[in-house]
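Remarks on the structure that follows.
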Amino acid sequence: MYEATVSAPVNIACIKYWGKRDTKLILPTNSSLSVTLDQDHLRSTTTSRVDESFEKGDRLWLNGKEETVKEDGRLGVCIKELRNWRKIEEDKNSSLPKLSQWPLRIASYNNFPTAAGLASSASGLAALVASLAKLYELPQSPSELSLIARQGSGSACRSLFGGYVAWREGSKEDGSDSLAEQVASREDWPEMRALICVVSDLKKGTSSTSGMQRTVETSTLLKERLNIVPGRMEEISKTIKSKDFENFAKITMKDSNSFHSVCLDTSPPIFYLNDVSKSIIQVIEELNRSSGEIIAAYTFDAGPNAVIYSLEKNIGKVLGVINKFFPQAEESKDPFKTKSEDLPESFNQN
Ligand code: ADP
Ligand code: DP6
Ligand code: CO
């Protein structure tokens with residue numbers, strides 16, 4: 001048996017991806033840019049195995065529960081493409097074991113809430129692609145692998161890189177230029193911190209996939225947003241390179257609010273923010289106003305949970321106000337650490 005285990009961290013977008021121009025290939029209606037978080041905190045860990053003796057058919061367990069792998073579904077497509085790349089290597093070098101012909105067994109764990117708007121599809125699909133690339137010893141670069149991860153979940157292509165990452169929308173119909181690349185490394189701006197505020201760990205009512213499709217079909221405001229985003233991509237990249245936190249924060253908050261506005265402009269409307277999320281927005285706006293400078297930026301993905309970006313020197317102050325207005329936050333300092341990452345029993349069957 002051959003086995004490989006890889007962890008991938010989540011990434012939280014400052015310029016949000018929301019809308020597909022091609023739903024099968026997962027080509028976005030706009031470029032996006034995110035920060036990949038530290039792997040020590042929110043991560044997916046995926047173990048992939050192949051063996052000649054496994055019964056026919058690929059199988060996958062997510063958080064200990066088996067999910068069906070449809071051949072033409074997103075997971076199936078990722079597996080097929082990576083298997084093809086392995087086959088190419090096997091054809092070039094006949095001494096390689098024929099792993100591409102053997103069934104796969106994949107087990108993945110998220111150490112944080114799944115499908116709750118904390119980007120589990122990003123870390124999850126990135127970990128899947130990275131673990132298969134390791135198992136198959138593929139020569140492809142992270143940007144090439146991002147083309148495959150993108151077809152699993154759009155946001156996943158960005159989690160194959162650390163630091164500040166752009167997903168370029170590309171212009172080719174086959175999607176071959178719709179890939180992720182690093183804009184700056186974590187070390188380029190090491191003072192950056194992200195505070196995750198778990199408002200709810202429940203599964204969201206509207207998945208990102210169905211929500212954004214509904215927006216594309218029904219929102220007129222989305223067209224307006226698509227005119228604005230390219231300029232924001234340029235500007236935010238400059239703020240990262242020049243470590244200009246104030247403008248980085250302004251753009252990040254504006255883009256989060258723009259994304260939630262197009263959700264509201266969708267029919268029927270999509271509400272990802274709840275009253276606690278809105279209070280967090282008010283608390284951070286007030287913190288910035290009373291500080292006389294912008295020291296914190298909130299952003300919300302497709303769920304009520306907040307991510308607050310701030311610099312190390314100010315994170316104490318940010319934590320102070322969050323704990324003051326949301327006192328329960330202090331009690332559950334590390335809500336993620338109790339999650340088991342043991343492989344499921346049934347994973348060891350054939
Ligand atoms: P989120 O906001 O958490 O990204 P999404 O609606 O985008 O929520 O996607 C959630 C879906 O992503 C899950 O229902 C599951 O299908 C998939 N997913 C999440 N984590 C993993 C994982 N570790 N491995 C494989 N697929 C995953
Ligand atoms: C709001 O990547 O989860 O988090 O491509 O359909 O799997 P699919 O959607 P997904 O959408 C993420 C939306 C977002 C913004 C972002 O991460 O850029
Ligand atoms: Co997602």
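FYI, it's all coordinate maths here, none of it is from the lab. A quick note: this is a predicted structure, and the numbers were derived from the prediction, not measured. Using ideal geometry, Cβ is built from the backbone for each residue, glycine included, and neighbour counts are taken over all protein chains shown.
Mean separation of Cα pairs under 8 Å and 6 or more residues apart, divided by the residue count, gives the chain a relative contact order of 21 percent.
If we count every other residue with Cβ under 15 angstrom of Glu71's Cβ, Lys/Arg +1 and Asp/Glu -1, where does the sum land? Walk me through the numbers before you get to the answer.
On the way: positive: Lys24, Lys56, Arg59, Lys70, Arg74, Lys80, Arg83; negative: Asp58, Glu67, Asp72, Glu81.
Taking every other residue near Glu71 into account, the sum is +3.
What the pair-distance distribution of the range 126-277 shows, using all Cα-Cα distances binned every 10 Å from zero, is 9, 29, 40, 20, 2 percent.
At a Förster radius of 30 Å, what calculated FRET efficiency corresponds to the Cβ-Cβ distance of Lys324 and Asp38, to the nearest 0.05? Please list the in-between numbers first.
Details: r = 25 Å, r/R0 = 0.85.
Using R0 = 30 Å, I get an efficiency of 0.75.
Counting Lys and Arg as +1 and Asp and Glu as -1 over every other residue whose Cβ lies under 9 Å from the Cβ of Lys243, the net charge comes to -2. Just checking the listed ones, Ser146, Ser279, Ser31: in the Gaussian network model of the chain with Cα springs under 10 Å, the one fluctuating most is Ser279. Fraction of C-alpha pairs exceeding 15 angstrom in the range 96-166: 56 percent, rounded to a whole number. With the cut-off at 17 Å, report for the range 228-277 the share of all Cα pairs above it, as a whole percent. Every Cα pair in the range 228-277 considered, those over 17 Å come to 45 percent. Of the Cα atoms belonging to the range 133-195, the radius of gyration and Dmax stand at 13.0, 39 Å.
In the chain, the longest principal axis of the Cα atoms and the axis of helix 312-325 are about 80 degrees apart. Against the chain, whose longest principal axis is taken from its Cα atoms, helix 120-135 shows a tilt of about 30°.
Specify, per residue and in Å³, the volume enclosed by the convex hull of the alpha carbon atoms belonging to the chain. Provide the component values of the computation, followed by the final result.
On the way: hull volume 46.7 nm³, N = 350.
Spelled out: Cα convex hull of the chain, divided by residues, is 133 Å³.
Taking N as the number of residues in the range 198-338, what value does Rg over Cα atoms divided by 2.2 N^0.38 Å take? Intermediate values should be presented prior to the final figure.
On the way: Rg = 16.2 Å, N = 141, 2.2 N^0.38 = 14.4 Å.
Cα Rg divided by the expected 2.2 N^0.38 Å: 1.12.
Dipole of the chain computed with +1 at Lys/Arg Cβ and -1 at Asp/Glu Cβ about the Cα centre; of Ser48, Ile88, Ser143, farthest Cα towards the positive end is Ser143.
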